[in-house]
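Visitor: I'd like to ask you about the structure that follows.
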Amino acid sequence: MDFNNFTGVFGVYEGTDPIEEGSAGLADRNFSVLNDPAFSYQTASGTKGFTAAVILSLISKGQMSLDDSAKDILKRAKMPQRYGTLRWLEDSVTVRSLLQHVSGVPDYFDEEFVEDFYQALRGDANYHYDRPERFFPLMEAAWKETKVPYASRGSFKYSNGGFVILAALAETVTGKRFPEVLSESVFEPFGMQKSGLFRLDGPAPGGVVRATSYQADGRSNIYAVPVIGGGDGGAYTNPRDMAFFWRALDPQLHPESPFSSLIEEAWSIHEKGEDGFYGLGFWISEKNPRVVFLEGFDPGVQFFSYYNRDTKRSFTVCLNDEKMNCDEVFRKYFSLVEQ
């Protein structure tokens, strides 16, 4: 595509039928591989929508409820010692409060106090952070350092740590690792064939080609994010898979499903955040509350995915070069889904 300042892929879909697709720039600079909408791209915090879908699916199956205490669930783990004492996690923190970002739970990556992932890890290597409980000591340290722990409880305060806890809850009630739970609960049943939580230091599954993400200094981001994504970020996907994701979730298209009433609640306004209204794991447009969306930002990554509940159109953008931006793509195509 003829873009001057965009490197990545995008797609506009009506249902799962493509209206516009495109790409620009390189997926791999070493081998001069061009970006391709069929490749898989990092989503950063866009992953939180996938995590929310997992949790709501488990709730629909009776494995937990929105008002369960997160601490009570973790204490039921077969090996509770893996989570430590959990003294930093208050009993009042519920599944609902975590999904809404109102729990006040200490965040290992609170951007008011740390600037990047290197600083958040306090000097440790990123390859150690491959399971939810690996982040718990960081959250306990944040709890100890906070002058007034849980000061933001009841108010919207975006928390990566809260979604790490949600991944741990999913592991506890299923007895499986979160990447497996996510695949079995969302990616596989929704038909998202190129999506998953893939280790940066290992091969991708057959049929999946991952684009590399490049930071502003030209280096890849393999040391700037966890070695594998989790509840708060890092999954891979592409525009086509996101069209399948939105269609599978839409409660109007699946009124008979017990899952649909939970999605309806998740797509309803509960809080006001810095980037719009917020439901349960999903952003909601202030300009048009019938548009729900996910977004994510990591070193070398920008991810946006919007869904219009009335027109059934989705618009997804995956950028993989930090020196670039998505402005040209938004100016040209966002109107197709916004109204």
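The values are calculated or read from the model by the stated rules, or taken from the named source; none is laboratory data. Since the structure is predicted, the reported quantities are computational estimates derived from the model, not experimental observations. A quick note on method: Cβ atoms are made from the backbone with ideal geometry, for glycine too, and the neighbour counts reach across all protein chains shown.
Visitor: Within segment 161-190, which residues are aromatic (Phe, Trp, Tyr) and surrounded by fewer than 21 Cβ atoms within 10 Å (Cβ to Cβ)?
Guide: Result: 190, single match.
Visitor: Now for a separate question. With (1) hydrophobic (A, V, I, L, M, F, W, C); (2) in a loop (DSSP other than H, G, I, E, B); (3) within 21 Å of residue 119 (Cα to Cα); (4) in contact with a strand residue (DSSP E or B) (Cβ under 8 Å, 6 or more places away or on another chain) as the list, and residue 222 as the residue in question, which single condition is left unmet?
Guide: (4)
Visitor: Let me ask something additional. Any idea how many residues of segment 3-28 are in a strand (DSSP E or B) and of a type in the set (Ser, Thr, Tyr)?
Guide: Total satisfying the criteria: 2.
Visitor: Further question: Within the group 293, 303, 297, which residue is part of a strand (DSSP E or B) and free of Cβ contacts under 8 Å to residues at least 24 places away in the same chain?
Guide: From the options 293, 303, 297, the qualifying one is 293.
Visitor: Of all residues in segment 191-201, count the ones that are modelled with pLDDT of 95 or more and either among the charged types (D, E, K, R) or surrounded by fewer than 19 Cβ atoms within 10 Å (Cβ to Cβ) (or both).
Guide: 4
Visitor: Something else: Do you know which residues across segment 222-253 are surrounded by fewer than 20 Cβ atoms within 10 Å (Cβ to Cβ) and either modelled with pLDDT under 95 or among the aliphatic types (A, V, I, L, M) (or both)?
Guide: 222, 223, 224, 227, 248, 253
Visitor: Moving to a separate point now. Out of the residues in segment 133-153 meeting the condition of being more than 22 Å from residue 45 (Cα to Cα) and assigned to a loop (DSSP other than H, G, I, E, B), tell me which one is nearest to the chain's Cα centre (by Cα).
Guide: Restricting to residues being more than 22 Å from residue 45 (Cα to Cα) and assigned to a loop (DSSP other than H, G, I, E, B), the top hit is 150.
Visitor: Considering only residues that are part of a loop (DSSP other than H, G, I, E, B), more than 19 Å from the chain's Cα centre (by Cα) and under 22 Å from residue 272 (Cα atoms), which ones fall in segment 76-103?
Guide: If the condition is that a residue be part of a loop (DSSP other than H, G, I, E, B), more than 19 Å from the chain's Cα centre (by Cα) and under 22 Å from residue 272 (Cα atoms), then 92, 93 are the ones that fit.
Visitor: Test each condition in (1) in a loop (DSSP other than H, G, I, E, B); (2) at pLDDT 95 or above; (3) closer than 20 Å to residue 137 by Cα; (4) over 23 Å from the mean Cα position of the chain (by Cα) for residue 72 and report the one that comes out false.
Guide: Just one mismatch for residue 72, condition (1).
Visitor: Also, quick follow-up: How many of the residues in segment 308-339 are surrounded by fewer than 22 Cβ atoms within 10 Å (Cβ to Cβ), aliphatic (A, V, I, L, M) and under 23 Å from residue 211 (Cβ atoms)?
Guide: Matching residues across segment 308-339 total 1.
Visitor: What tally of residues in segment 310-339 results from selecting those that are part of a loop (DSSP other than H, G, I, E, B), out of contact with any Phe, Trp or Tyr (no Cβ under 7 Å at 6 or more places or on another chain) and farther than 21 Å from residue 236 by Cα?
Guide: Number satisfying all stated conditions: 4.
Visitor: Moving to a separate point now. Return the pairs, sorted by first residue and then second, in which the second residue is polar (S, T, N, Q) and in a helix (DSSP H, G or I), the first residue lies in segment 69-83 and is in contact (Cβ under 8 Å) with a residue 24 or more places away in the chain and crowded, with 17+ Cβ neighbours inside 10 Å, the beta carbons are less than 8 Å apart, and the residues are 6+ apart or on different chains.
Guide: Hits for this filter: 73/172; 74/172; 77/172.
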